[in-house]
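Q: Below: one structure in structure tokens.
The values are calculated or read from the model by the stated rules, or taken from the named source; none is laboratory data. The model shown is predicted, which means the values in this text are computed figures rather than measured ones. Every residue, glycine as well, gets a Cβ built from its backbone with ideal geometry; the counts of neighbours run over all protein chains shown.
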Amino acid sequence: MVGGGEGAFIGEVHRIAARMGGEIELAAGVFGTNRESSLRCGERLYLNPARVYPDFSAMVGGERALPESERIDFVTVCTPNRWHFTIAKAFLEGGFHVMCEKPVAMSSEEAFELKKIIRQSGKMFALMHNYTGYPMVKQARKIVTDGVLGELRKINVEYSLGWLAAPNAGKQAAWRVDPKQAGISGCMADIGTHAENLIQYVTGLTITEVNADLATFVEGRSLDDDGSVLLRFGNGARGLIFASEVSTGEENNFILKIYGDKAALEWRQQTPEELIIRSNDAPIQILRRGWPGTGEAAAKASRLPAGHPEGFLEAFANIYNAFAESIRTGVPGDYPGIDDGVEEMLFLEAIVRNSGSGEKWTKMGC
């Protein structure tokens, strides 16, 4: 692992999730730019101090110098955004598979370059959009694929948090609103990309045009902490992403609604075991994980019988398990990859260009 040291929420989530399948063991790392802090983290994780490296370049060289049976198989990159491309590139070119936090890079140019490097390296690459790992999200995808909703017309996503409503929200907040660390966007890069990715994962539709209103409410910030984006899709459907990190009092309110000409579905991250199906000529139907009505994809992503709640950590773990299987078999699995990374960067660049430009619509990739 590179990143995810002391005070980093997401690093510990990755470590717990990776262990859940019983196949992945943390063996080496760089847990931040502060050497003493990184060593303390490594000691707490019972790592050999010789494999708690001073920086990622030393880690690539140090692991390559070990016998193949002892060196790491893959690295997880969970640093601030500015390091994602550089670290992933170094490990891929060093002969290691890579799991990377989102967004994949600081620009679409970097994302396209990374795609080329992945292809040349022959190594596996996974992008951690953990919400695709939920069983009932996979069930939603199957319902859409089976045509239960009919022709898709409208896709709405809300992702609202309140943690950045105050100016001083802590270390984890600071880098997310710093252009040098986060890139061209704050809130939309942090959680808006989850919304964009989930839409495309579940529906298979491609966003073609965007109309964005990005806002910065807290004084002193250089990047957006709130945003609304109107969407147009290739099949003629319309949509909306509302993402906010200044929605006071909200926790992790992530809601997906998809409307077709036959039926509609709704999934909520705060009640992730349920999937709501609606139509105009039948009672509302609620599918629950582990009960009749759910299919093979949802079952494969489940660990416990119904009534024993599964959620955030298990979704991360499902992606880790699929990635581990890909490394064993050489066959890419059901998890986001570099194409998703390219799409999220094109999305971010399009909405940033559009917001405040006076243009009604901006085409993706233009």
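Q: Give segment 3-26 a look and list any residue that's farther than 12 Å from residue 76 by Cα and among the basic types (Lys, Arg), or say none.
A: 19
Q: Step by step: first the residues of segment 50-68, then only those that are in contact with an Asp or Glu (Cβ under 9 Å, 6 or more places away or on another chain) and aliphatic (A, V, I, L, M), then the one that is nearest to residue 34 (Cα to Cα). Which residue is that?
A: Here the answer is 52.
Q: Scan segment 26-46 residue by residue and report those that are more than 22 Å from the chain's Cα centre (by Cα) and closer than 26 Å to residue 133 by Cβ.
A: Result: 27, 28, 41, 45.
Q: Let me ask something else. Given the residues 208, 203, which is the only one that is within 18 Å of residue 363 (Cβ to Cβ) and of a type in the set (S, T, N, Q)?
A: 208
Q: Report whether or not residue 240 is touching a helix residue (DSSP H, G or I) at 6+ places or on another chain (Cβ under 9 Å), in the same structural domain as residue 165 (by TED's automatic domain parsing) and of a type in the set (A, V, I, L, M).
A: Details: touching a helix residue (DSSP H, G or I) at 6+ places or on another chain (Cβ under 9 Å): no; in the same structural domain as residue 165 (by TED's automatic domain parsing): yes; of a type in the set (A, V, I, L, M): yes.
Answer is no for this residue.
Q: What do you reckon, is residue 229 surrounded by 15 or more Cβ atoms within 10 Å (Cβ to Cβ) and over 25 Å from residue 154 (Cβ atoms)? Spell out the reasoning first.
A: Details: surrounded by 15 or more Cβ atoms within 10 Å (Cβ to Cβ): yes; over 25 Å from residue 154 (Cβ atoms): no.
For residue 229, the condition - surrounded by 15 or more Cβ atoms within 10 Å (Cβ to Cβ) and over 25 Å from residue 154 (Cβ atoms) - is not met.
Q: Can you tell me which condition residue 345 does not meet? The list is (1) more than 20 Å from residue 232 (Cα to Cα); (2) in the same structural domain as residue 209 (by TED's automatic domain parsing), and all the others hold.
A: Single failed check for residue 345: (1).
Q: What single numbered condition from (1) aliphatic (A, V, I, L, M); (2) within 27 Å of residue 138 (Cβ to Cβ); (3) free of Cβ contacts under 8 Å to residues at least 60 places away in the same chain fails to hold for residue 202?
A: So the condition that residue 202 fails would be (3).
Q: Of everything in segment 69-117, what is outside any loop (DSSP other than H, G, I, E, B), hydrophobic (A, V, I, L, M, F, W, C) and closer than 15 Å to residue 53 by Cβ? Give them in sequence order.
A: Within segment 69-117, 75, 77, 83, 87, 90, 91 qualify.
Q: Please go through segment 179-214 and give me each residue that is of a type in the set (Ser, Thr, Tyr) and crowded, with 23+ Cβ neighbours inside 10 Å, ordered by number.
A: In the first step, residues of segment 179-214 are kept if they are of a type in the set (Ser, Thr, Tyr); the result is 185, 193, 201, 203, 206, 208.
Of everything in segment 179-214, those that are of a type in the set (Ser, Thr, Tyr) and crowded, with 23+ Cβ neighbours inside 10 Å turn out to be 185, 193.
Q: Given the conditions (1) assigned by TED's automatic domain parsing to the domain that holds residue 268; (2) in a loop (DSSP other than H, G, I, E, B), which single one is not true for residue 138?
A: Of (1) assigned by TED's automatic domain parsing to the domain that holds residue 268; (2) in a loop (DSSP other than H, G, I, E, B), only one is false for residue 138: (2).
Q: From the list 32, 42, 133, pick out the single residue that is buried (at least 20 other Cβ atoms within 10 Å of the Cβ) and at pLDDT below 95.
A: The match here is 32.
Q: Among the strands (runs of 3 or more DSSP E) confined wholly to segment 212-315, which include 1 or more residues that are without any contact (Cβ under 8 Å) to a residue 40 or more places away in the chain?
A: Numbers: elements: 226-233, 238-244, 253-260, 264-268, 274-278, 285-288.
Where strands (runs of 3 or more DSSP E) fall fully within segment 212-315 and carry at least 1 residues being without any contact (Cβ under 8 Å) to a residue 40 or more places away in the chain, they are 226-233, 264-268, 274-278, 285-288.
Q: I want to confirm something. Restricting to segment 289-305 and keeping residues that are surrounded by 13 or more Cβ atoms within 10 Å (Cβ to Cβ) and either among the β-branched types (Val, Ile, Thr) or touching a Gly at 6+ places or on another chain (Cβ under 9 Å) (or both), which single residue is nearest to residue 76 (Cα to Cα)?
A: Among those that are surrounded by 13 or more Cβ atoms within 10 Å (Cβ to Cβ) and either among the β-branched types (Val, Ile, Thr) or touching a Gly at 6+ places or on another chain (Cβ under 9 Å) (or both), it is 301.
Q: Taking segment 84-127, which residues are of a type in the set (Phe, Trp, Tyr) and surrounded by fewer than 19 Cβ atoms within 10 Å (Cβ to Cβ)?
A: If we filter segment 84-127 for residues that are of a type in the set (Phe, Trp, Tyr), which is where we start, we get 85, 91, 96, 112, 125.
The answer is 112, and nothing else.
Q: Now for a different question. For the list (1) aliphatic (A, V, I, L, M); (2) modelled with pLDDT of 95 or more; (3) over 26 Å from residue 139 (Cα atoms), I need the number of the one condition that residue 364 fails.
A: (2)
Q: Hey, does segment 171-178 have a residue that's assigned by TED's automatic domain parsing to the domain that holds residue 302, surrounded by 18 or more Cβ atoms within 10 Å (Cβ to Cβ), closer than 13 Å to residue 223 by Cα and at pLDDT 95 or above? Show your work before the answer.
A: Of the residues in segment 171-178, the ones assigned by TED's automatic domain parsing to the domain that holds residue 302 are 171-178.
From what is left, the residues that are surrounded by 18 or more Cβ atoms within 10 Å (Cβ to Cβ) are 173, 176-177.
Still in the list and also closer than 13 Å to residue 223 by Cα: 173, 176-177.
If we keep only those that are at pLDDT 95 or above as well, we get none.
No, segment 171-178 contains no residue that is assigned by TED's automatic domain parsing to the domain that holds residue 302, surrounded by 18 or more Cβ atoms within 10 Å (Cβ to Cβ), closer than 13 Å to residue 223 by Cα and at pLDDT 95 or above.
Q: Limited to segment 20-54, what total is found for residues that are touching a helix residue (DSSP H, G or I) at 6+ places or on another chain (Cβ under 9 Å), free of Cβ contacts under 8 Å to residues at least 12 places away in the same chain and under 22 Å from residue 321 (Cα atoms)?
A: Number of matching residues: 1.
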